[in-house]
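One structure is given here, and the rest of the page talks about it.
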């Protein structure tokens, strides 16, 4: 019997022996880029999700903390009904098996995104940055994330060492932009795969355990320049401008739309470089090669932003000469 089978059996024992549930059906629901797995359990009292987070690999404490915080902020997050911290099991609301990405089409995108943006506005306006006790998206964390691109994508996947001087100048430019923005609660992975489609209801927000206090454009760019689906620039401009007006009305931003768009672009560049590094690491370290197919879309975002800002000319020249000609051969 394999280790995953043993944990599945332990979960069922917990549900039946400790919680007294009569199980009718128990099956895998999903897994993610971490070591967490999810099971859908149907029992005589309803249907729920069990999170399996091996304690030696995953800590459920941040999930529980942020879940309470976002529920208080009226964000539609799964309620935690039961917990077993020793074994790393949580019994949660079941938001179903369809995420936003499964449902998005060109005809319904505006409607679905308006609902997702409404939840994001709750997260940003209702979550107090001073009392939430969340870590800050500071220079050290932003730098570590950018290092993922240099180390795992450029060096380990492509065999290219980005010059230290170029790393330093790019990091300084992007981090300064992030830190000068208004600071709010940041989900940190607010994209179409982490928003569960709920018919006639707000999307269910999941995978929020890494929340921080950080730049106001971070979650917006995660959603609108999604690594898993892309939209035309005119459509993006419309959504960005609309959300900017909501933030202005809420008193969260006091800048021009042009400044907000610049923040959005540069925050997106930081996030997308990080994401490319993570996709490479998932392949090289964890054997999850499926994420490699998401690199071309994400790299396209990087190229678009680099072409737009003169301050990025040196990095774009390096990308064009050293990275872009060879990376596709590695995927």
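The values are calculated or read from the model by the stated rules, or taken from the named source; none is laboratory data. Predicted model, so just to flag it, every value in this text is computed and none were measured. Glycine gets a Cβ as well: all are built from the backbone with ideal geometry, and neighbour counts include every protein chain shown.
Candidates are the residues of region 66-84 that are touching a residue at least 60 places away in the same chain (Cβ under 8 Å) and over 17 Å from the mean Cα position of the chain (by Cα); the one that is surrounded by the fewest Cβ atoms within 10 Å (Cβ to Cβ) is 82. Going by the conditions given, is residue 141 in contact with a strand residue (DSSP E or B) (Cβ under 6 Å, 6 or more places away or on another chain) and either surrounded by fewer than 16 Cβ atoms within 10 Å (Cβ to Cβ) or closer than 25 Å to residue 219 by Cβ (or both)? No: the conditions fail for residue 141.
Each row is one residue, and each column tells you yes or no for (1) touching a strand residue (DSSP E or B) at 6+ places or on another chain (Cβ under 8 Å); (2) surrounded by fewer than 21 Cβ atoms within 10 Å (Cβ to Cβ); (3) under 20 Å from residue 194 (Cα atoms).
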| residue | (1), (2), (3) |
| --- | --- |
| 234 | no, yes, no |
| 245 | no, yes, no |
| 248 | no, yes, no |
| 262 | no, yes, no |
| 275 | no, no, yes |
| 288 | no, yes, yes |
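Taken together, the residues in region 308-331 that are loosely packed, with under 12 Cβ neighbours inside 10 Å and either over 20 Å from residue 159 (Cβ atoms) or in contact with a helix residue (DSSP H, G or I) (Cβ under 8 Å, 6 or more places away or on another chain) (or both) amount to 3. Elements of the type helices (runs of 4 or more DSSP H) sitting completely within region 161-275 and holding at least 2 residues that are touching a helix residue (DSSP H, G or I) at 6+ places or on another chain (Cβ under 6 Å) and closer than 21 Å to residue 73 by Cβ: these cover 218-224, 233-249. Applying the condition of being in contact with a strand residue (DSSP E or B) (Cβ under 7 Å, 6 or more places away or on another chain) and exposed (fewer than 15 other Cβ atoms within 10 Å of the Cβ) to region 21-43 and asking which residue is modelled with the lowest pLDDT yields 31.
Table: residues versus (1) more than 22 Å from residue 192 (Cβ to Cβ); (2) surrounded by 16 or more Cβ atoms within 10 Å (Cβ to Cβ); (3) in contact (Cβ under 8 Å) with a residue 12 or more places away in the chain.
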| site | (1), (2), (3) |
| --- | --- |
| 86 | yes, no, yes |
| 89 | yes, yes, yes |
| 92 | no, yes, yes |
| 112 | no, yes, yes |
| 115 | no, yes, yes |
| 146 | yes, yes, yes |
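Screening the candidates 123, 141 for the property of being assigned to a helix (DSSP H, G or I) and closer than 17 Å to residue 71 by Cα yields one hit, 123.
Among the criteria (1) touching a strand residue (DSSP E or B) at 6+ places or on another chain (Cβ under 9 Å); (2) without any contact (Cβ under 8 Å) to a residue 24 or more places away in the chain, the one residue 223 does not fulfil is (2).
Taking the listed residues 163, 135, the one that is in contact with a strand residue (DSSP E or B) (Cβ under 7 Å, 6 or more places away or on another chain), surrounded by fewer than 16 Cβ atoms within 10 Å (Cβ to Cβ) and modelled with pLDDT of 95 or more is 135, with no other qualifying.
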